[in-house]
């Protein structure tokens, strides 16, 4: 009598674990379902092996329940056969009820275990492999190689713009080969001399070459060059360097101004 509620309880346990799933995807035609190659792959996959193992466990449980119920009922059936057909029928109903009840209870337990396994398997499948993480990073943050190339191109553009300012400079202060800083001062426009180009090593060498080609004065002043290299590009020099830079510019301006006749 109470076998049906037990079976319903088993179904409810599965529903509570997995949740309701409504999908029309299985109804759609899919060539992969009739592909022999895909079929063999599904048949011998790890997932298929787990399903086979679960089926064997269920079969073993059913056989075990049937054996346990039948072993205890054999003697009772023999006694009932002596009592008559009605007694045999009542005993059969009782044995069937016991079998279905134990089976339902076992299926509830198996459903709970299977639901936990399915949830664990689902979370495991959602985890991304290192390659997938790398691909997702490329999609969201951009390919590191492309980003490095973009940064390199931006640096080249910035360097070309800086070099274009060297011919407009008033003086280039060097140290004498490792550092080069180009200064420009426009009276009435700049609050103080401004750093329009600077660099070290190869960049410093290129600044000197451009300065010579455009006849921009080059002054060797290692202490001043080391101080000017710290000034941000495009910014005026700090007040602490006013006096030293003013001497250099004054010398440049005197050299440009032709002597007047007395």
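What follows draws every value from the coordinates through simple rules; no lab data is involved. This is a predicted model, so every value here is computed, not measured. Cβ sites come from the backbone with ideal geometry, for glycine too, and all protein chains shown count toward neighbours.
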| note | On the formula 1/(1 + (r/R0)^6), with r taken between the Cβ atoms of residue 239 and residue 214 and R0 of 30 Å, the FRET efficiency rounded to 0.05 is 0.55
| request: Go ahead and run the numbers for FRET between residue 109 and residue 134, Cβ-Cβ distance against an R0 of 41 Å, rounding to 0.05. | output: 0.45
| query | What nm value, rounded to one decimal, do you get for the distance between residue 118 and residue 247 when each label is placed 7 Å out toward the C-beta? | reply | 8.7 nm
| task | Looking at region 169-255, send over the antiparallel percent of its DSSP beta bridges, to the nearest 5. | result | 80 percent
| Sequence ranges 167-174, 112-119, 153-160, ranked by mean other-Cβ count within 10 angstrom, highest first | 167-174, 112-119, 153-160
| request: Would you mind calculating the gained length between residue 60 and residue 48 on full extension (0.36 nm times residue separation, minus the Cα-Cα distance), in nm to one decimal? | output: 2.5 nm
| At q = 0.13, 0.16, 0.17, 0.25 Å⁻¹, what is the log10 ratio I(q)/I(0) for region 169-255, with the Debye formula run over Cα points and no solvent? | -0.34, -0.53, -0.60, -1.35
| field | Amide N proximity, region 212-252 versus residue 203 label position 7 Å along Cα-to-Cβ, cut-off under 12 Å | value | 229-234
| Could the peptides 200-207, 57-64 be put in order, highest first, of the mean number of other beta-carbon atoms found within 10 Å of their residues? | 200-207, 57-64
